Protein chains: 2
Amino acid sequence: MIKNLEHIGIAVKDLKAANELYTTLLGTPPYKAEEVASEHVVTSFFKMGEAKVELLEATSPNSAIAKFIEKRGEGIHHVAFEVDDILAEMQRLGAEGFTLLNKEPKRGADNKLVCFIHPKSANGVLVELCQELKI
Amino acid sequence: MIKNLEHIGIAVKDLKAANELYTTLLGTPPYKAEEVASEHVVTSFFKMGEAKVELLEATSPNSAIAKFIEKRGEGIHHVAFEVDDILAEMQRLGAEGFTLLNKEPKRGADNKLVCFIHPKSANGVLVELCQELKI
């Protein structure tokens, strides 16, 4: 079951400059920063009520964020929805014909297991399913 | 003051088909539909925790949604943040150098006063400020 809109991810060229701009825009500083080496990104998070705004800068030209910016420019890269059981949701949505971009949940930022759904399955929107890791 | 991420807006070509797809994806049907004649759009809303997903279909080629889809294809069109005082936020952000797309708050969907900030001011993101209308 999908529970709530967890965050939006915004692809930026320069995280430091974007952190300053979004601190002014949103009226609050990022509450954490995190590198996700496996995805070749550095990220920062702003709390906006129940949801978050994530800024992402590529650390390698091979990063999906670098490719996104090269093709479309900076902007909203994905929207993430929190689920209670990511395996069950992946199975449900796969069976419904949605194209899952990873066959197994993978470790994302913010202590989450994540799975992405191809934009062609969702009116041009890159959708992330995420579930908090219990340790 | 900006309080929370209120909704994301997704530009779609066919609202009826997108409603069906997002009902399957999100596991819940839209809880309301609304035409905003002044903006030449029909919309639907899905509740996702505290935030909402808004789908928008243009009703005229002059609609900003039609132009967005023509240029970029379907996808996430804007992100909206709820504010407690839209006039104060417009003044604050204008003074900080953000480009406001309307000089006065205008009536948007979902019983809101809204103001848009130009994407060039916010790393390619079209930002909407919105405040619930008290009647």
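The values are calculated or read from the model by the stated rules, or taken from the named source; none is laboratory data. Remember, it's a predicted structure, so these values are computed and weren't measured experimentally. Glycine gets a Cβ as well: all are built from the backbone with ideal geometry, and neighbour counts include every protein chain shown. With ligands, DNA and RNA removed, areas are computed over all heavy atoms of the protein, side chains included. Shrake-Rupley method; radii C 1.70, N 1.55, O 1.52, S 1.80 Å.
Among the residues making up the stretch A:3-20, those that are at the interface with chain B (Cβ under 7 Å from one of its Cβ atoms) and either open to solvent by 10 Å² or more (accessible area, probe 1.4 Å) or among the small types (Gly, Ala, Ser) (or both) are A:Lys3, A:Asn4, A:Ala18. Scanning the stretch A:43-94 for residues that are over 22 Å from B:Gly49 (Cα atoms), touching a Leu at 6+ places or on another chain (Cβ under 7 Å) and surrounded by fewer than 20 Cβ atoms within 10 Å (Cβ to Cβ) yields one hit, A:Gly94.
In the stretch A:26-42 there is at least one residue matching the filter, namely being free of Cβ contacts under 8 Å to residues at least 12 places away in the same chain and within 9 Å of chain B (Cβ to nearest Cβ).
To keep it simple, each residue is scored yes or no on (1) at positive phi; (2) modelled with pLDDT of 95 or more; (3) in contact with a helix residue (DSSP H, G or I) (Cβ under 7 Å, 6 or more places away or on another chain).
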| residue | (1), (2), (3) |
| --- | --- |
| B:Thr59 | no, yes, no |
| B:Gly73 | yes, yes, no |
| B:Glu82 | no, yes, no |
| B:Glu89 | no, yes, no |
| B:Gly97 | yes, yes, no |
| B:Asp110 | yes, no, no |
| B:His118 | no, yes, no |
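Is it the case that some residue within the stretch B:102-120 is open to solvent by 40 Å² or more (accessible area, probe 1.4 Å), within 26 Å of A:Ile69 (Cα to Cα), within 14 Å of chain A (Cβ to nearest Cβ) and in a strand (DSSP E or B)? No, the conditions are met nowhere in the stretch B:102-120.
Listed conditions (1) open to solvent by 40 Å² or more (accessible area, probe 1.4 Å); (2) assigned to a loop (DSSP other than H, G, I, E, B) are all met by B:Phe98, apart from (1).
The condition (being acidic (Asp, Glu), assigned to a strand (DSSP E or B) and in contact (Cβ under 8 Å) with a residue 60 or more places away in the chain) is satisfied by just one residue among A:Glu82, A:Glu89: A:Glu82. Confirm whether A:Lys71 is of a type outside the set (A, V, I, L, M, F, W, C), part of a helix (DSSP H, G or I), under 17 Å from A:Leu126 (Cα atoms) and without any contact (Cβ under 8 Å) to a residue 60 or more places away in the chain. Here the answer is yes, as A:Lys71 does meet what is asked.
The number of residues in the stretch B:12-29 that are acidic (Asp, Glu) and under 19 Å from the mean Cα position of the chain (by Cα) comes to 1.
Mind listing whichever residues of the stretch B:104-130 are touching a residue at least 12 places away in the same chain (Cβ under 8 Å) and of a type in the set (D, E, K, R)? Scanning the stretch B:104-130 gives B:Lys106, B:Arg107, B:Asp110, B:Lys112, B:Lys120, B:Glu128.
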